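Novice: Dumping the structure here so I can ask a few things about it.
The values are calculated or read from the model by the stated rules, or taken from the named source; none is laboratory data. Keep in mind the model is a prediction, meaning the values are calculated, not measured. Ideal geometry is used to build each Cβ from the backbone, glycine not excepted, and the neighbour counts take in all protein chains shown.
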Amino acid sequence: MDQLGGATPRKNSTQSSDIDPTCTDCGSKTLVEDLTRGERVCGDCGLVLSDHRIDTGAEWRAFSSEESDARSRVGAPMRYTVHDKGLSTIIDWRDRDHSGRKLSPTRRSEIYRLRKWQIRSRVHSSLDRNLAQAMSELERLSSQLGIPKPIRELAALLYRKSIIKKLVRGRSIEAMVAATLYAACRIRLKPRPLDEVADASRVDKKKLGQCYRLLLRKLNIRIPLSNPIDYISRFATELSLSSTVQLRTVEILKQSRAIGLTIGRDPLGLAAAAIYVASIMLDERRTQRAIAEVARVTEVTVRNRYKEIVRKLGIDTMSMS
């Protein structure tokens, strides 16, 4: 009861039910969503808690995936790997109408002119031309290295940020694309050796390193510390080693990290040496040369890291031979 002696007004059921998913009458948490009526109803007492719920889905119905694709009126999602983010229109190269019939010669020549001007308008400015060339190079480099799509999108985003900061001016597009892809791989904990990226991009390793350091400094990118474990899966796959060897290699690296053996040492060399030790222990031997070629390090590095791991972890070399 309020001060005037009247009944206390009930709170707005629509607002309270959205904040607290319980019935305002009986306190039950069994709520039923009636999408046809747009209502939320208590399953115990039947109280209608809200009756103005908005359906954000499509206004049409579909009973199969093919019918859903046919009725959908939305295009592909926005992608950073396309220079215009996929927002522009495309005139198909096939000279056919929507029914599949061939166009008349007059209509075909008209479509040809429209297609030519449409292509010109997509890459009209110097920025569009730069992005078109850069995204084409990024697609080629990513395909050659086997980079997954999420990392490609991140690399394209970093390249667009470098254009805004005017870092591309005076530098080759290939070097900046390779630097952004190398940085994206390290951010997503899927690192690739710098030599491998440089060889695939046809850019000098020194120039690639300079562009990479420029990105870190100007874009304020925080790169996680390189971990030898991140290389194990790819190296073991290229060497055709079993999952058991991979697990043993990870154990060896974790033990090495616990005693401080990984401090100040190249993660590629440590990963290669740990794979060599694990392959011998589980009788799936690979030569030091084969492992060094996959890891892009020298055999001397593999041999030195191998001796350190065996000595520091107390592994019996006699039982391994």
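Novice: Pick from the range 43-63 the residues that are surrounded by 13 or more Cβ atoms within 10 Å (Cβ to Cβ) and touching a helix residue (DSSP H, G or I) at 6+ places or on another chain (Cβ under 9 Å): which of them is nearest to V74 (Cα to Cα)?
Specialist: Only one residue fits best here, namely A62.
Novice: Right, something else. Taking the condition of being buried (at least 18 other Cβ atoms within 10 Å of the Cβ) and within 14 Å of G146 (Cβ to Cβ), how many residues in the range 232-241 meet it?
Specialist: Matching residues across the range 232-241 total 1.
Novice: Can you name every one of the helices (runs of 4 or more DSSP H) wholly within the range 99-215 that holds 3 or more residues which are closer than 20 Å to D230 by Cβ and among the small types (G, A, S)?
Specialist: So the answer is 173-187.
Novice: Examine the range 99-111 for a residue that is among the acidic types (D, E) and without any contact (Cβ under 8 Å) to a residue 40 or more places away in the chain, and state whether such a residue exists. Let's see the steps before the verdict.
Specialist: Within the range 99-111, the first condition is being among the acidic types (D, E), and the residues that meet it are 110.
Next, from what is left, pick out any that are without any contact (Cβ under 8 Å) to a residue 40 or more places away in the chain: 110.
Yes, there is a match, as at least one residue in the range 99-111 is among the acidic types (D, E) and without any contact (Cβ under 8 Å) to a residue 40 or more places away in the chain.
Novice: Can I ask one more? When you scan the range 204-222, how many residues do you find that are more than 18 Å from I173 (Cα to Cα) and loosely packed, with under 13 Cβ neighbours inside 10 Å?
Specialist: Total meeting the criteria: 3.
Novice: Given the conditions (1) over 15 Å from L208 (Cα atoms); (2) of a type outside the set (F, W, Y); (3) buried (at least 19 other Cβ atoms within 10 Å of the Cβ), report the number of the one that A178 does not fulfil.
Specialist: (1)
Novice: Just name the residue that is surrounded by the fewest Cβ atoms within 10 Å (Cβ to Cβ) out of those in the range 79-104 that are closer than 17 Å to K116 by Cα and among the hydroxyl-bearing types (S, T, Y).
Specialist: For the range 79-104, the residue satisfying everything is T89.
Novice: Test D199 against the stated conditions and say whether it is free of Cβ contacts under 8 Å to residues at least 12 places away in the same chain and either buried (at least 21 other Cβ atoms within 10 Å of the Cβ) or outside the structural domain of D316 (by TED's automatic domain parsing) (or both). Give the derivation first.
Specialist: Working: free of Cβ contacts under 8 Å to residues at least 12 places away in the same chain: yes; either buried (at least 21 other Cβ atoms within 10 Å of the Cβ) or outside the structural domain of D316 (by TED's automatic domain parsing) (or both): yes.
Answer is yes for this residue.
Novice: When you go through R71, R10 one by one, which is the residue that is modelled with pLDDT under 80, charged (D, E, K, R) and either under 42 Å from the mean Cα position of the chain (by Cα) or surrounded by 11 or more Cβ atoms within 10 Å (Cβ to Cβ) (or both)?
Specialist: R71 is the lone residue from the list that is modelled with pLDDT under 80, charged (D, E, K, R) and either under 42 Å from the mean Cα position of the chain (by Cα) or surrounded by 11 or more Cβ atoms within 10 Å (Cβ to Cβ) (or both).
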